Every structure is written in C-alpha cells, then in structure tokens.
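First up is the structure itself, then whatever we jot down about it.
Here, each number is a calculation from the coordinates, and none is a lab measurement. Model, not experiment: these values are computed from the prediction. Ideal geometry is used to build each Cβ from the backbone, glycine not excepted, and the neighbour counts take in all protein chains shown.
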Amino acid sequence: MKLKYQIDRETNKQPEALLDKAVSVLTNQDYVILERTESTLSFKDDNWQIRSKNKILSKVDQGKFEIAASKDGSRITLIYYVSFLPEFIITLILIIIGITQSYYVVIIAVPLLVQLFIRIDTLEASSNEMITRVIV
C-alpha cells in the first residue's frame, strides 16, 4: 500500500542538466538509481542502510523525476511513493488488543500516531527541498 504524491516546478534549465543534477542530489542522499532515460529518472530508497531515525522519517520509499521541455524552459515533476503500512498495522493491532484486553494498551498507539504525522510533514518538506536542490 503505497501512497502517491506529486510536486511540479517550472525552470529555465535544460532537461539534460536537470537530470544530471537530480542524479547528483539523489546520490548524495543515498538513494539507488533504478533507471535513467532522456526524460525520466527512477529511484528508490536503500532500506537496508543503517541510519538515524531522523533520516528514516525524511526519506521516500521510491520515486521518479519526469522532465518535459516547455516554451519557457523545462517542467520538472517529482512523483514519489510512501508506504505507511507498518504504522497502520501496529496501530491497528494495539487498538484491537486495547478493545479486547485492556484499554491501557491503546496509550502505546499514541506515540506511533504522532510519529506518523511527523513523518507525513517531514516527507513533504524533504521532497520540496529535494526538487528545489535539483532546480537550483
């Protein structure tokens, strides 16, 4: 279960320069480049990498840069996918245990929900920062 998000930007840079810059930005952020064509660049996160919780919360699962020429320059689109399935499953299990056993267990779900909302906010900010780095 992956949710799809999309960010669009206009720039006056050439498509090839944008693709080169996107490769550089993604490599610096430890993403794995899956495929590169003349107008697209697909990437994914290396889930087996050891890193801090802050970095885990700010990285998308996979994504794609799509670049199209326009009359004023180029249009760059970042499409990224995020899975919140582990957080939902753990929260659901805790709620079921809380209903059937003891409602105190539901209190454990509160930090997980807070972490989920922080991750949603952090991913939006980090994705905007990623596309801004490619454009600049």
Just to be sure I follow the rule: in the chain, considering lysines 8 or more places apart or on different chains, how many pairs have Cα atoms under 22 Å apart?
22
Starting at the first residue of segment 15-25, write each ³J(HN,Hα) from the Karplus equation 6.51 cos²θ - 1.76 cosθ + 1.60 with θ = phi - 60°, in whole Hz, x for Gly and Pro.
x, 5, 5, 5, 5, 4, 5, 5, 4, 4, 5
At 0.36 nm per residue, minus the direct Cα-Cα distance, what do LEU92 and MET1 gain on full extension? Give it in nm, one decimal, please.
31.2 nm
Choose one of ILE67, LEU116, TYR80: the residue whose Cα lies farthest towards the positive end of the charge dipole of the chain (beta-carbon charges +1 Lys, Arg; -1 Asp, Glu; about the Cα centre).
LEU116
Counting pairs of alpha carbon atoms under 8 Å apart in space and at least six apart in sequence, what relative contact order in percent does the chain give?
29 percent
Rounded to the nearest whole number, the per residue volume of the convex hull around the C-alpha atoms of segment 2-135 in Å³ is 103 Å³
Explain nothing, just compute: Karplus ³J(HN,Hα) = 6.51 cos²θ - 1.76 cosθ + 1.60, θ = phi - 60°, for every residue of segment 64-71 in order, whole Hz, x for Gly and Pro.
8, 9, 10, 10, 10, 6, 10, 5
